[in-house]
Every structure is written in structure tokens, then in C-alpha cells.
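Reviewing the structure listed below.
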4 protein chains.
Amino acid sequence: MAPGRTRWIIPEGFIPSESLPGAGRPLISHEAACILNAGDEDAAIEIMVYFTDREPVGPYRVTVGARRTLHLRFNELEDPAPVPLDTDYASVISSNVPVVVQHTRLDSRRAEVALL
Amino acid sequence: MAPGRTRWIIPEGFIPSESLPGAGRPLISHEAACILNAGDEDAAIEIMVYFTDREPVGPYRVTVGARRTLHLRFNELEDPAPVPLDTDYASVISSNVPVVVQHTRLDSRRAEVALL
Amino acid sequence: MAPGRTRWIIPEGFIPSESLPGAGRPLISHEAACILNAGDEDAAIEIMVYFTDREPVGPYRVTVGARRTLHLRFNELEDPAPVPLDTDYASVISSNVPVVVQHTRLDSRRAEVALL
Amino acid sequence: MAPGRTRWIIPEGFIPSESLPGAGRPLISHEAACILNAGDEDAAIEIMVYFTDREPVGPYRVTVGARRTLHLRFNELEDPAPVPLDTDYASVISSNVPVVVQHTRLDSRRAEVALL
């Protein structure tokens, strides 16, 4: 069986609206869910986004092909609604087959910022 | 049942008293516990803070509503006592229902600082 | 028995082609899999690398001696093919004996970049 | 019973010899093992340090009191031998009672460095 689990949870979420001047896609501030589907069956993924003071939004739907990885940027989700910037959120990622998910943020607002 | 566990532990804790000049709330140096309550019942959270050389302080109490996330900054805890700055601490987070917790620090003291 | 597991998965992978000017090996942008073999038998490691839009590449083979650590840089893998730069990837690390793996990236493209 | 485990493993280890000019103890480049002993019995800790090309060194011994945290810097270990700078290492942390360990690095070599 493919490695992983069918549900992953990322409590941290915050997409800064600021980035370094002139940043292209690689250096624009973003949050990502890096998803690996190491199995032999396509993964149908559903993402629910949670907020501080209103009901969750979703599901967002993406497919990760068999033996493929998708580094999904929350900034680029559009349907049913873009994820708001400068806003605390969290996410629950569900899959019909086991996958592995790793969360990252690239934050290019200021030289002084370091993240742990 | 909602995803998660009823006890989470964060051994790292250190809130720098310095931040980049003119930083507003988003860029002030801080430590956060990002809590997701994906369940249908409000979560009653208790936090105990541990130190290097004295007895623990707490419980701090917060509520995270059903289907809500709270990105709680340790800097903003006040009762029973503010968390001291520039001081090593650790925390134990307990909940009456399962939640998921992720720890982060934003450190804006100096451009040279990077954190792993 | 030695601590660890025989399979580890790192969904995040991206080696920036840029580094700070004049960077030597310590400061060149890189991704690493830090592997500890705390057991008394050498570990035969195989790494498969997964991509967004093509079939996985590998296995890459390395040995980590008994009671040794290897901080393996993906940048330095060559056989069967170098890992492409500026490209999303993921990896699955398999071992014949239990090992422990920790993933890190050092990114020295720009002062403004912070990573979580 | 106190939360945690009696063995923790940190495959990543690298203490840069460089720091930002004039850095005091808070900002000197360092690696730390943040240990929380939330139980009611003192924890006797032993640390073994592993290398790329020679036998492990240790045990280093420290005590973490009941209901205390210790943010132990590998830079400050001295007996049986200092941990060498600019050198890849890994560590295994053993305790006679359950503790929780979190690993961090603060790296202040260069503004351009970001760590994941």
C-alpha cells in the first residue's frame, strides 16, 4: 500500500500580502502544502479552510496523479473562493488514497523576519 | 470524532523583546500556538507555562469555538501573569476535546537571524 | 534494536539555483536529508525522487555506516541523474535497517526570504 | 504519568563558527535541544553525539528538574569534549523518565540565510 494517511491537518496559515519588490513567482510570499502521492492510483484531494471568526470554506478540490508530487500554494486556490491574505487560517486535507503532506511558508516581507 | 489530541507539548519558548523598528502587530517578534478545533463542540483550552528555574505558571484559559482556528500569541497572554520576554519557557496545552496544535515563532530582531 | 524506521518521506523539495554571491559549500542553497544510523549494522539506503509531471527517478544509493550520520545533499546526487534545480520534487528514502531522517533546506537567495 | 518519551533523536546538527558581529549569547549561532520535564521526578539525561567519519562521543549528562524546562545548547557541552564547530553531527537523547524534546537552530552567519 502507498505510504501515508488520508487526512492531514495544518493549523498554521497566513499568507502575507507583502513580498520583496519585484519578486517573481518563486519569491512571492506564499504558503504551500507539499503533497506526495507515491502510490499507483490518482489521489482525489479535498481541502477545507478554517478561520478565526467564520464558518469554514471548501472543499477545494485537486488531483495528485499516481507517483506524482504537487506543491500546492494556498495563494493560488480560487474555487470556491480565494484564501484571504493577511488573515489567520488553518486547513484540513483529505484524500481518497494515502498521501503524505508537508507544510511550508516562504515569507519575503522583510529581511529581518525569521520563522521557526 | 474531531481530529487531533487533547494534550500538546511545546518545549521551545522564547519571546524576543526586540523587533524591527516600527513593526506593527504582524511583524512584532512573537511565539504562537496555532490551534485548530475542527470539531462541532467548543474547545476549552488550558495552558501551563514551564520555566528553567521556578514553578510552572497557569492555567491560562482560552476557548476555541467549534470549526474555528485560534493563532494564540504567548505575548498576549495576561492572566494569571504575562509570559516574561527574553526568557526560556515551555508549554503544555490541554483541551477537553481533540484539537490540533502547531507551534511557530516569528523573530524580527535582526536580518542575520535564521531559525530552524 | 536501533531506533528509527526503514522508510521516510519528504514531500517538500526545491533546490534554488541562486545563492548569495561568493558562497562556499556551507552557504550554497541546498536541501539535505540528515540520516542517523545509530545501530551496529551499516545501512543501505535507496532514494526515489518524485516530480510534478513525470515518472520518478532512482534509486539513488548511499551507505550510512554503523554509528554514523550522513547529511546528504540532494544537490550532490549524480547517479542515475542530478536532481534538477528550481524544480518541485519529493523523495522517499528506504533503508534495510532502521534509521532516522530529518529534512532541512538552507536557502541563501535573498536576505528577505524566511522559511517555515 | 508525565508526557513524553525516554528517547529522542535529532539527526541534524551543525554549529556555525560564524555569527553576526558583536552578537551576545542570545544571537550567537547555536543548536539547541529544548527539553521539557513536565513530571514530578527529576530527569537524568544522557546525550550521545554521532559524526560522519568517527565513533560517537558521550554520554554528556544533564539533569532537568521536575516541572522544569532546559534549553540546552550543544555549543555549551564540554564534558567529555566540546562539540566541534562547522561539523555535521547528530544526537540521541535518553532520559530515565519521559520528557519531550524539540530541536532548534539559530543561525546568524548572514542575512541571506533562511532555514527550513
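Looking at (1) open to solvent by 10 Å² or more (accessible area, probe 1.4 Å); (2) within 11 Å of another protein chain (Cβ to nearest Cβ), which is the one condition that is false for D:P16?
(1)
Can you confirm whether the range B:75-89 contains a residue that is in a strand (DSSP E or B), surrounded by fewer than 17 Cβ atoms within 10 Å (Cβ to Cβ) and more than 12 Å from every other protein chain (Cβ to nearest Cβ)? If you could, list the steps in order and put the result at the bottom.
Initial filter on the range B:75-89 (in a strand (DSSP E or B)): B:89.
If we keep only those that are surrounded by fewer than 17 Cβ atoms within 10 Å (Cβ to Cβ) too, we end up with none.
No, that holds for no residue.
Could you tell me how many of the residues in the range D:101-116 are part of a strand (DSSP E or B) and either open to solvent by less than 20 Å² (accessible area, probe 1.4 Å) or touching a Ser or Thr at 6+ places or on another chain (Cβ under 9 Å) (or both)? Give the steps one after another, and end with the answer.
Narrowing the range D:101-116 to residues part of a strand (DSSP E or B): D:101-107, D:114-115.
Still in the list and also either open to solvent by less than 20 Å² (accessible area, probe 1.4 Å) or touching a Ser or Thr at 6+ places or on another chain (Cβ under 9 Å) (or both): D:101, D:103-107, D:114-115.
Of the residues in that region, 8 qualify.
Does any residue in the range D:53-82 that is under 25 Å from C:G65 (Cα atoms) come within less than 8 Å, Cβ to Cβ, of a residue that is acidic (D, E) and at pLDDT 95 or above six or more places away or on a different chain, and which pairs are these?
Listed by first residue and then by second, the contacts come to D:G58/D:E46; D:P59/D:E46; D:Y60/D:E46; D:Y60/D:D79; D:F74/D:E31.
Looking for something modelled with pLDDT under 95, more than 18 Å from the chain's Cα centre (by Cα) and within 14 Å of chain A (Cβ to nearest Cβ) - is there at least one such residue anywhere in the range B:3-13? I'd like the intermediate steps shown before the answer.
Filtering the range B:3-13 for residues modelled with pLDDT under 95 gives B:3.
Pick out the ones that are also more than 18 Å from the chain's Cα centre (by Cα) and you get B:3.
Next cut, within 14 Å of chain A (Cβ to nearest Cβ) only: B:3.
Yes: the range B:3-13 contains one or more residues that are modelled with pLDDT under 95, more than 18 Å from the chain's Cα centre (by Cα) and within 14 Å of chain A (Cβ to nearest Cβ).
Between residues in the range D:1-26 that are free of Cβ contacts under 8 Å to residues at least 12 places away in the same chain and residues that are surrounded by fewer than 20 Cβ atoms within 10 Å (Cβ to Cβ) and in a loop (DSSP other than H, G, I, E, B), which pairs lie under 8 Å by C-beta distance while being six or more apart or on different chains?
Between residues of the range D:1-26 that are free of Cβ contacts under 8 Å to residues at least 12 places away in the same chain and residues that are surrounded by fewer than 20 Cβ atoms within 10 Å (Cβ to Cβ) and in a loop (DSSP other than H, G, I, E, B), the close pairs are D:P26/B:D86.
Between residues in the range C:96-116 that are over 15 Å from C:E31 (Cα atoms) and facing chain D (nearest Cβ under 7 Å) and residues that are open to solvent by 20 Å² or more (accessible area, probe 1.4 Å) and not aliphatic (A, V, I, L, M), which pairs lie under 7 Å by C-beta distance while being six or more apart or on different chains?
That search, which allows pairs on different chains as well, returns C:V100/C:G4; C:R110/D:E112; C:A111/D:E112.
Of the residues B:E31, B:E55, B:E46, B:E41, which single one is part of a strand (DSSP E or B) and either open to solvent by 70 Å² or more (accessible area, probe 1.4 Å) or at the interface with another protein chain (Cβ under 8 Å from one of its Cβ atoms) (or both)? Talk me through it step by step, then tell me what you get.
Values: B:E31 fails: either open to solvent by 70 Å² or more (accessible area, probe 1.4 Å) or at the interface with another protein chain (Cβ under 8 Å from one of its Cβ atoms) (or both); B:E55 fails: part of a strand (DSSP E or B); B:E41 fails: part of a strand (DSSP E or B).
One residue alone meets the criteria, B:E46.
The values are calculated or read from the model by the stated rules, or taken from the named source; none is laboratory data. Bear in mind that the values here come from a model prediction, so they are computed numbers and not experimental data. FYI the Cβ positions are ideal-geometry reconstructions off the backbone, even for glycines, and counts take in every protein chain you see. Side chains are part of the model used for accessible areas, which takes the heavy atoms of the whole protein and leaves out ligands, DNA and RNA. Shrake-Rupley method; radii C 1.70, N 1.55, O 1.52, S 1.80 Å.
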